[in-house]
1. Look at region 104-123 and say how many of its residues are under 15 Å from LEU77 (Cα atoms), within 17 Å of the chain's Cα centre (by Cα) and among the β-branched types (Val, Ile, Thr).
2. In region 89-104, which residues are surrounded by 16 or more Cβ atoms within 10 Å (Cβ to Cβ) and within 24 Å of SER453 (Cβ to Cβ)?
3. Could you tell me which of the residues LYS540, LYS498 is open to solvent by 20 Å² or more (accessible area, probe 1.4 Å) and modelled with pLDDT under 95?
4. Scan GLY52, GLY85, GLY39, GLY32 and give me the residue that is in the same structural domain as LEU201 (by TED's automatic domain parsing) and under 30 Å from VAL333 (Cβ atoms).
5. Give me a count of the residues in region 180-215 that are more than 22 Å from TRP14 (Cα to Cα) and either out of contact with any Gly (no Cβ under 9 Å at 6 or more places or on another chain) or aliphatic (A, V, I, L, M) (or both).
6. Please go through region 479-495 and give me each residue that is outside any loop (DSSP other than H, G, I, E, B) and crowded, with 18+ Cβ neighbours inside 10 Å, ordered by number.
7. Please find, among LEU205, LEU243, LEU220, the residue that is assigned by TED's automatic domain parsing to the domain that holds PRO421 and over 24 Å from TRP57 (Cα atoms).
8. Would you please name the residue that is nearest to PRO65 (Cα to Cα), looking only at residues in region 446-464 that are open to solvent by 50 Å² or more (accessible area, probe 1.4 Å) and in contact (Cβ under 8 Å) with a residue 24 or more places away in the chain?
Amino acid sequence: MISGLAPRGQRPWWRDAVTYQIYIRSFADSNGDGIGDIGGIRSKLGYLEKLGIDAIWITPWYPSPQRDHGYDVADYLDIEPDYGGLKEGELLIREAHELGMKVIIDIVPNHTSDQHRWFQGALNSQPGSSERDRYIFRQGKGVNGELPPNNWQAVFGGPAWKRVIESDGRAGQWYLHLFAQEQPDLNWENSEVVRHFEDILKFWLDKGVDGFRIDVAHGLFKESGLPDIRRSWIERIFGRSNLTRMLSPEHKPFWDQEGVHQVYRSWRKILDSYPGDRMAVAEAWVSPASRIARYVRSDEIQNSFNFEMLTSLWKADEIRKRINNSISALAEVGAPTSWVFNNHDVVRSLDRLDLGLANHGDTTFSRQGDGSRLDIARGTLRAKSATLMALALPGCTYLYQGEELGLPEVRDIPEDRLTDPRWKMSNYADRGRDGCRVPIPWKSSPRGAFGFSNDENLTAEQAWLPPSPWWGEYSAESQEDDPNSTLNFYRKALAIRKNEPGLGDGPMEWIDAGGQVVAFSRAGGFACYINFGKEIALPKGSPVLHSSGPLSENFLPTDTAVWLREKK
Ligand code: TEU
Ligand code: CA
């Protein structure tokens, strides 16, 4: 268990941190080209400081052809010129540190861009060459190798293999891409790949970054022989979309292979060889929770995203079960758990929790639900209640830009402006993830795409992904002075969390407040109640510290959460 845990402030920061995810393209544009950049982030550091977060995680900022918005990396040792280049990145790290904020960057080890010099070299080399060995090239099946080597599908749609033209002008080998075809999978059995990533970690650690978010941390190794996958019972129930087929929870020959752990053991040694508490957090879509625990064993990495809440319905018993599973699985290895309700890959929590979008691999991802049924007020209340829950539960929390403004999913992006590779690769069946990536509305007026750009002449249509006309209602500007705004609700919650020594990592106790209420207490007489059912009476004489919505006297309404100081 969590015995021997040092007090907050004396233990590593990542055990308690609230990390704010910045989707760099959509955060703030400092030079009027309609694309978010590092200058934009620098200009908003004051906003982030006032918000009260502990760390920022910046999505991939490397040079990239942007076929998957930076998750297709062309050079891991530089920064995209459109984002401001390396010098800007160094300034940002320094300025964030001056404000006491940690900086986590994204690292993408499962695949590179097809424009990476390694992949270009592989295309220009012969089958069997050392250049090709850095990736996963295979002969095709069929008489002339015209069929893909196996039946694996790309997560975004279509087959996971693409055939190349050899130097003699003929169709030849196939290469594996679990995501877009511009994202060829690396071969982690190749020692040059292993060494290069160690150098990449050191390069950025030398520049002062505090941690890494490891993209597709459960990918990397593939079962030898690359066996076909079998049709699962989940596909029979939820249909045969690629997302279901590739992401359904039963074991797959390309996810969560034993080999990944050796990589993280060696990365841990590198992190530990630097001063300060440098860390890594794994994006590993593996289940059950006991499998995730294996990534955060004491000699592996420090943290993993806990995606349980991305696939949960707004139901008390389900939430309670997921909290128990998450905490007990990680307690065995001594790692803090983490809480995630939003990121750049999923429908925003406001919509998800209101519309009951849940199933990983199907509803949450591929269908955005019937937006016409969305009850904005109820969705906002539920999302805010979820936030109070996440910030009060043991461990750390990851927030995603815009949730502090109560942004809903954007469903009315014109089809010809959709950019997620899932749109095209699904044969235009799946609108993909753009709806949670629309540029942040900093100002109420449409000028500068609602203040996304510091160039007031930039129109919404000129932003890389256009905000809809109603976007200004959610702006930071319009919420700044409103005591009841979502923004000020987040600020207050984060300020309370910072000063409450019992929050963050550490034990919790369940409170029995009836089947429809999730309630728990933390050290120091702190209690959190989330009401999923009919209005309930709160314990008498317990002062309210914060709530997600109005309370009527001593009663906690439906869908509302409250933080209390328990009566002695
Ligand atoms: O995502 C990995 C992943 O499997 C999913 O989150 C996936 O993106 C989604 O279910 C299908 O659309 C990571 C990144 O977070 C994501 O943005 C990248 O597109 C992906 O890796 C490839 O690098
Ligand atoms: Ca820009």
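The values are calculated or read from the model by the stated rules, or taken from the named source; none is laboratory data. In this text the structure is predicted, and so the values were computed from the model without any measurement. Cβ sites come from the backbone with ideal geometry, for glycine too, and all protein chains shown count toward neighbours. Side chains included, ligands, DNA and RNA excluded: accessible areas come from the protein's heavy atoms. Shrake-Rupley method; radii C 1.70, N 1.55, O 1.52, S 1.80 Å.
1. 3
2. Across region 89-104, the qualifying residues are GLY89, LEU92, ILE93, ALA96, MET101, VAL103.
3. LYS540
4. GLY52
5. The number of residues fulfilling the criteria is 15.
6. Hits for region 479-495 are GLN479, THR486, LEU487, PHE489, TYR490, ALA493, LEU494.
7. The conditions single out LEU243.
8. GLN462
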